[in-house]
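Here is the structure we will look at.
The values are calculated or read from the model by the stated rules, or taken from the named source; none is laboratory data. These figures come from a predicted structure and were not determined experimentally. Cβ placement follows ideal geometry from the backbone for every residue including glycine, while neighbour counts extend to all protein chains displayed. Keep in mind that these areas ignore ligands, DNA and RNA; they rest on the heavy atoms of the full protein, side chains included. Shrake-Rupley method; radii C 1.70, N 1.55, O 1.52, S 1.80 Å.
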Amino acid sequence: MNPPALIMSLRFFSIISLAITLLAGIGFSKSVLADVVPGAKPKEWPASPAKHLVKIRREADDKQKSALIASAEALQPSKESVIQASKAADRNDPLGLNQPKEKEKAAGDKVWWYKEQLGIRIPVAITAEAVTYYSSLVSKYGKQNMTRFVEPSSSFDYQAEVKFQKEFKVGDKAFTNVHVVTLKLAFKQSFCASGTEGMHFNKERIVIFDSAGKVLHILGDGPTEVPIFAI
């Protein structure tokens, strides 16, 4: 066989060998997936409060600070902020697939959420009602028996604190001799609301009071990013 013919034969053999290897690999991958996915079965998980933790801290060392925290938690978001949040696009759910086709719209005087995902309210603002809602939800999860592929868990962490600031700037606004109340929450649930999905999000709200306890400014009210993960 002349050299050019030999080279062509070797190239043809290499191509055929590569194709066979790739096909074999694909077939192997499919068989592995077929063995794992159809064979997976959910497990009965008994109620476990240790897997569902609630932590609430209101850091106030005098009555004035306690009153300021209570006042900040009592402030309801404006109707405009609720409407704007409900219209805002969620980059984690651009097509709105996590929203039910039909849902009851939030109504009433104390509406601190603007939508639901996986049946869980998503906050537009941190209020006393929001703290009660998430702490009760996590506590409820801890009392439930669940059938899941992965052991379910959840947590709610809330912290409120007050600091006196001689000077405090927010963008182009400056405040002097004010009390700044900061409210922070972190919520997470893994395979509690559903058997294959979970979510987590953080929220912060800052309320600025003057020396007489009058509200000067509120920061943080608005849409909340809610990453959804699934198995």
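List of remarks:
- Note that segment 156-196 presents 50 Å² accessible area per residue, ligands and nucleic acids not counted, probe 1.4 Å.
- A simple spin-label model places pseudo-atoms 7 Å from Cα toward Cβ; at E225 and L53 they are separated by 2.4 nm.
- Model label sites at N145 and A212, defined 7 Å from Cα along the beta-carbon direction, differ in position by 6.1 nm.
- At most 16 other Cβ within 10 Å, DSSP loop - GluC sites (Glu not before Pro), segment 49-89: none
- FRET efficiency for the pair S78 and K163, taken as 1/(1 + (r/R0)^6) with r the Cβ-Cβ distance and R0 = 30 Å, rounds to 0.75.
- Within the accessible area of segment 155-231 (1.4 Å probe), percent carbon and sulfur: 49
- Taking amide H atoms as placed 1.01 Å from N in the peptide plane, the amide H of F191 lies under 5 Å from those of E197, G198, M199, each 5 or more residues away in sequence or on another chain.
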